[in-house]
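In what follows, a structure is listed as C-alpha cells, so that the remarks can point back to it.
The values are calculated or read from the model by the stated rules, or taken from the named source; none is laboratory data. Not measured: the values here are computed from a predicted model. Cβ placement follows ideal geometry from the backbone for every residue including glycine, while neighbour counts extend to all protein chains displayed.
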Amino acid sequence: MASAASGLSAEDLRLIDQLSATDRQVRTHELAHMAAGAGLAGGATFTYQVGPDNQRYAVAGEVSIDTSPGGDPEETIAKAQQIRAAALAPADPSSQDQKVAAMATQMASVARLELAAQERAQKQPPAQESVARGSAASAAYQAVAAVGDGSALAGSGSAGFSSAGFRAVA
C-alpha cells in the first residue's frame, strides 16, 4: 500500500526507516571517535546511499586519527591511551576499532619499554649506554604502526576509524 502523500510504497517507507536508523547509528559511532580523539582525530567522512525519497543517508563513515609516536615516551604513552579510548569510544566498536585499540596498547607498551631503558641508561655510566636505543625504538614504533589492516601506516602516522571498520589513511 503506497502512501498517498509521498507517492512511496510501504516497502519504500520501510527502507527509508532502515536507512534513517543506519544514518543515526553511523553518525553517532563516528562522533564518539571524534569526541574521544579530540586533538588527534580529524573530521568524519561518510559514504552515502540515496533512498527512495532522494535523500542521502550515511551508511558508513570514517574518522582519521594521528597514530605517530609522541616526542618522548611519556607523550607517546598518553597519546596511545587517547587513541585506545577513541577506538573503543562507540557503544559498538567494530573489529577494526578493536584492532586500533590493540595497536595503541602495543604502542604504549613499546613506549614504556623505551622509558624504562632511558631510566636504566641514566643510572649507568655514559660509556655503557646503548647508541642503538633510539633507532630500535623508532623501528618498534613503526612495527606497531603497521598493525591494523596491514597497510603501510608507519609512513603516514595516521589511521582511520570507521563504522565499517578501521582503515589506514595513506
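A few comments on the model shown:
- Residues of the range 70-86 that turn out to be of a type outside the set (A, V, I, L, M, F, W, C), surrounded by fewer than 19 Cβ atoms within 10 Å (Cβ to Cβ) and closer than 13 Å to R112 by Cβ, as a count: 5
- Where a residue in the range 31-52 is in a loop (DSSP other than H, G, I, E, B) and its partner, wherever it lies, is aromatic (F, W, Y) and modelled with pLDDT under 95, with Cβ under 9 Å and at least six apart: G37/F161
- In this structure, S64 qualifies as of a type in the set (S, T, Y) and surrounded by 21 or more Cβ atoms within 10 Å (Cβ to Cβ).
- Every residue from the range 82-97 that is more than 9 Å from the chain's Cα centre (by Cα), part of a helix (DSSP H, G or I) and over 21 Å from G71 (Cα atoms): S95
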